[in-house]
Amino acid sequence: MNRVSLERGEAHQRVALENLVQLYIHDFNDFLAPDRKLGVGEDGRFADVLKLDRYWDDAERAVWFIRVGGALAGFALLDRASHCRRSVDYNMGEYFIVRTFRRDGIGARAAIDLINRHAGQWEIAVGPRNLPAQNFWPRVVAAVHASGVETLQGDGEVWSGPITRFVVR
C-alpha cells in the first residue's frame, strides 16, 4: 500500500496548486447544472473561480498537498467559511484527488489524517449534484475522532446541498 502524506502548501508551490485546480474544475463540471458549466478562456484555462490568492494571503485559510509515495496526488483547501451561518473553525473548502489515485482509499486516508490534525468545529458542505462526495464524506467523518456529528440541509440561499458539522478533539 502506498504511503499517503500531507504537506502544508508554501507560496513557491502556487503554480502546482493552480495546475491541480485546472484538473479539479474540469472534473467538477460533471456536478454542475447544465446552465452553470464552466468553460475555458482563450488561453485554454479555466478562470480562477476559487480565488486562490486568498489561500496564500489569508491566515485563516490553508493549502495542503496530498502525496502518495512522494508523488503529488491532490490538494485540500481549508478555510473558516460556514455554509449554515454558524461558527466554524475549519471548513473543507475544496478537496481533490487526481484520477490516477482514486478508488484506492487514498483520498479517505488523506482526509482522515488532515481532519484529525485540526481540533475544533468542522464543516463539510457538498454540492447537491456531487453524489460521489455525498457518499465519500460520511465515511470519512465516521472514521475521524469526531463528536457531535450532525447533518443539515442547506437553506438554498447560502448553500443548497448537505452540510455535515462535527467536532474533533
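The values are calculated or read from the model by the stated rules, or taken from the named source; none is laboratory data. Computed from a predicted model, the values in this text were never measured in an experiment. For neighbour counting, all protein chains shown are included, and Cβ atoms are generated from backbone atoms with ideal geometry for every residue, glycine included.
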Somewhere in the range 135-147, is a residue closer than 20 Å to D27 by Cα, among the small types (G, A, S), at pLDDT 95 or above and assigned to a helix (DSSP H, G or I)? no
Take the conditions in a strand (DSSP E or B) and out of contact with any Lys or Arg (no Cβ under 9 Å at 6 or more places or on another chain) and apply them to E7. Does it pass? no
Every residue from the range 148-169 that is of a type in the set (A, V, I, L, M) and either assigned to a strand (DSSP E or B) or surrounded by 20 or more Cβ atoms within 10 Å (Cβ to Cβ) (or both): V149, L152, I163, V167, V168
Is it the case, given these coordinates, that V40 is of a type outside the set (G, A, S), over 23 Å from A110 (Cα atoms) and in contact with a Phe, Trp or Tyr (Cβ under 8 Å, 6 or more places away or on another chain)? yes
Could you list, in sequence order, the residues of the range 1-40 that are closer than 19 Å to G70 by Cα, polar (S, T, N, Q) and in contact with a strand residue (DSSP E or B) (Cβ under 8 Å, 6 or more places away or on another chain)? N2, S5, Q13
Looking at (1) aliphatic (A, V, I, L, M); (2) over 22 Å from L32 (Cα atoms); (3) surrounded by 12 or more Cβ atoms within 10 Å (Cβ to Cβ), which one does A142 not meet, given that it meets all the others? (3)
Search the range 13-37 for residues being of a type in the set (D, E, K, R) and modelled with pLDDT under 90, and hand back the single one that is surrounded by the fewest Cβ atoms within 10 Å (Cβ to Cβ). D35
